[in-house]
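This report refers to the structure that appears directly beneath it.
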Amino acid sequence: MKPTVLVLCGGKSAERLVSLVSAQCVVAHVPRKFRVRLVHIGADGGWAEVAAAKLLRERPADLHRGGAALTRLRAGSRRVDPWKLLNSLGRRDCVFPVLHGPMGEDGTIQGLMELTGVAYVGCGVLGSAAGMDKEATKRVCASAGIPQVPWAVARTPAEAAAAAKKLGYPVFVKPARMGSSVGVVKVKSPAKIAAALREALRYDDKALIEKGLPIREIETAVLGDPWAPRGKMSLRASVCAEIKPNAEYYDYNAKYLNPNGASFEIPARIPAMVTARVRAVALAAFRALDLYGLARADFFVHKTTGAVYFNEPNTLPGFTPASMYPRLWRESGVPTTRLVETLVALGLRRAAARRRISVNH
Ligand SMILES: Nc1ncnc2c1ncn2[C@@H]1O[C@H](COP(=O)(O)OP(=O)(O)O)[C@@H](O)[C@H]1O
Ligand SMILES: [Mg+2]
């Protein structure tokens, strides 16, 4: 019997519909040596096994809207008990969580998979959680000497005002554990700082205050096992892309609502030395944050000084055909089927390594 790749899609986060389009792309590119099974996690958290072929029949634009496409996908589906399902998988099987944002990208689902001992694609519990929390990302990267823009954490208006004054305006105020630019506000004067903090605290109980710099936005895709010696599985970074938002910054509207919200340049037209620095820092940040398998690494490059700043990792980046992560690898000579095959092989490799370490004394 062929080993199984179990794709998880949906979830509770705001990005649950994007996840369906990402999952469609993953399902379409699972190598034929595997059997594909698909589980949709509903907004209520319930798991239902659905026919993978049904997902492939949907148009991405319909999936993005949810509604009828979601009803068709769920029709005739079978509710499954997550614990029993994961425990029923064997050593040659692997889970591919195609879940973006909280409850998918933040270590929670990864914890469930660790408990059952099943192999899974992508970062583990610590890396996923550290990558989701901007304060944790900043602290770990600072201790590893990764270059970052000046930052502070604030929970109260007084803390936010003091931090902004010290950093100098403009500043960016962001919820610590969000994404997609949700709750991110650029603040140009002290009069607006309290309102910006209120907005960020709608999504979290702490906010990041960052110095706003004149920057270009550069991304690279990272793939591999950070601790593997040279070879097929070793850690590498793709070519770089530049994101050019048609707005003051890359906000939610430019990311998702406005079809002309941003343009992309692949490879990014930046000096070779900057490209080399971005790729090297991406690998260093990946190791420092204890990431595994994959992450998209997002950078800021100062428009005048050329200084490179690490912004954030995305440990389950968008995986739609138009998404940066698979695109960057295609541009680097890795077709998407080979990418999915490598990601699954990495997941199986980590699970095998884990089994060799005894948890009982
Ligand atoms: N310090 C900064 N200086 C300039 N622009 C910034 C800064 N921080 C964020 N931005 C802008 O805001 C966007 C969203 O911020 P980001 O930290 O990436 O949050 P998210 O996790 O929601 O993607 C960035 O892509 C960039 O356009
Ligand atoms: Mg971002």
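Site pair Met103 and Arg338 shows an inter-label distance of 3.8 nm when each label is modelled 7 Å from Cα along Cα→Cβ. Positive contributions from Lys and Arg (+1) and negative ones from Asp and Glu (-1), summed over other residues with Cβ under 11 Å from the Cβ of Arg296, come out at -2. The fraction of Cα-Cα pairs per 20 angstrom bin, counted from 0 for the chain, comes to 29, 58, 13, 0 percent, rounded to whole percents. In straight-distance terms, cross-link reach from Lys192 covers every one of the lysines whose alpha-carbon lies under 29 Å from its own, apart from those fewer than eight places away in the same chain; here that gives Lys134, Lys138, Lys165, Lys166, Lys174, Lys206, Lys211, Lys244, Lys255, Lys303. Neighbours of Leu197 by Cβ distance under 14 Å: Lys/Arg scored +1, Asp/Glu scored -1, total +3. A straight chain from Ala61 to Ala144 at 0.36 nm per residue would run longer than the Cα-Cα distance by 25.7 nm. Computed across the range 151-211, the Kirkwood hydrodynamic radius from all distinct Cα-Cα pairs reaches 10.7 Å.
Relative to the dominant Cα principal axis of the chain, helix 16-28 is inclined by about 50°. Note on Tyr256 and Trp227: their simple-model spin labels are 3.6 nm apart, each label 7 Å out from Cα toward Cβ. Exposure proxy shown here: for Phe34, Phe264, Phe286, the number of other Cβ atoms within 10 Å sets the order, fewest to most, as Phe264, Phe34, Phe286.
Considering only Leu115, Gly212, Ala69, the residue lying farthest towards the positive end of the dipole of the chain is Leu115, judged by Cα position with unit charges set on Cβ.
Sorting Thr116, Thr275 by the number of Cβ atoms found within 10 Å of their own Cβ, with the fewest placed first, yields Thr116, Thr275.
With neighbour counts taken as other beta-carbon atoms within 10 Å, the residues Glu114, Glu58 rank, fewest first, as Glu114, Glu58. Kirkwood radius for the range 232-303, taken over all pairs of different Cα atoms as the inverse mean of 1/r, rounds to 13.8 Å. Here the range 29-180 is assigned +1 on the Cβ of each Lys and Arg and -1 on the Cβ of each Asp and Glu. Its dipole about the Cα centre then comes out at about 460 debye.
Each Lys and Arg contributes +1 and each Asp and Glu -1, all at the Cβ; summed about the Cα centre of the range 86-163, the dipole is approximately 140 debye. Of the residues Leu89, Tyr256, Tyr325, the one whose Cα sits farthest towards the positive end of the charge dipole of the chain is Leu89 (charges of +1 on Lys and Arg Cβ, -1 on Asp and Glu Cβ, taken about the Cα centre).
Could you work out the Kirkwood radius for the range 4-121, taking every pair of different alpha carbons, averaging 1/r and inverting it, reported in Å?
Roughly 14.1 Å, rounded to one decimal.
When the chain is treated as a GNM with alpha-carbon contacts under 10 Å, the residue of Thr71, Thr137, Thr220 showing the greatest mean-square fluctuation is Thr71.
For Ala247 and Glu49, the difference between the fully extended length at 0.36 nm per residue and the C-alpha to C-alpha distance is 67.2 nm. Think of each Lys and Arg Cβ as +1 and each Asp and Glu Cβ as -1; about the Cα centre, that makes the dipole of the chain roughly 760 debye. If R0 is 45 Å, the Cβ-Cβ spacing of Lys165 and Glu114 corresponds to a FRET efficiency of close to 0.55.
For Lys232, the lysines whose Cα falls under 26 Å of its own Cα, not counting residues fewer than eight places away in the same chain, are Lys2, Lys33. Place a label point 7 angstrom from the Cα of Lys206 along the Cα-to-Cβ direction, then list the residues of the range 98-138 whose backbone nitrogen is under 15 Å away. Zone members listed by number: 129-138. Identify which of Asn314, Asn258, Asn246 has the largest mean-square fluctuation in a Gaussian network model of the chain, with springs joining Cα atoms closer than 10 Å. Evaluated over the chain, the most mobile residue of the options is Asn258.
With point charges of +1 on the Cβ of Lys and Arg and -1 on the Cβ of Asp and Glu, referenced to the Cα centre of the chain, which listed residue (Ala285, Pro226, Pro102) lies farthest in the positive direction of the dipole? The Cα lying farthest towards the positive end belongs to Pro226.
Taken over the C-alpha atoms, the range 229-361 has Rg and Dmax values of 16.9, 58 angstrom. Secondary-structure-derived ellipticity at 222 nm for the chain, considering helices only, amounts to -10500 deg cm²/dmol, per-run term -39500 (n - 2.57) for DSSP H runs with n ≥ 4.
None of the figures in this text is laboratory data; all of them are computed from the coordinates on show. The structure presented is a predicted model; accordingly, all values stated were derived computationally and were not measured. When we count neighbours, we look across all protein chains shown, and the Cβ atoms used for this are built from the backbone with ideal geometry, even at glycine.
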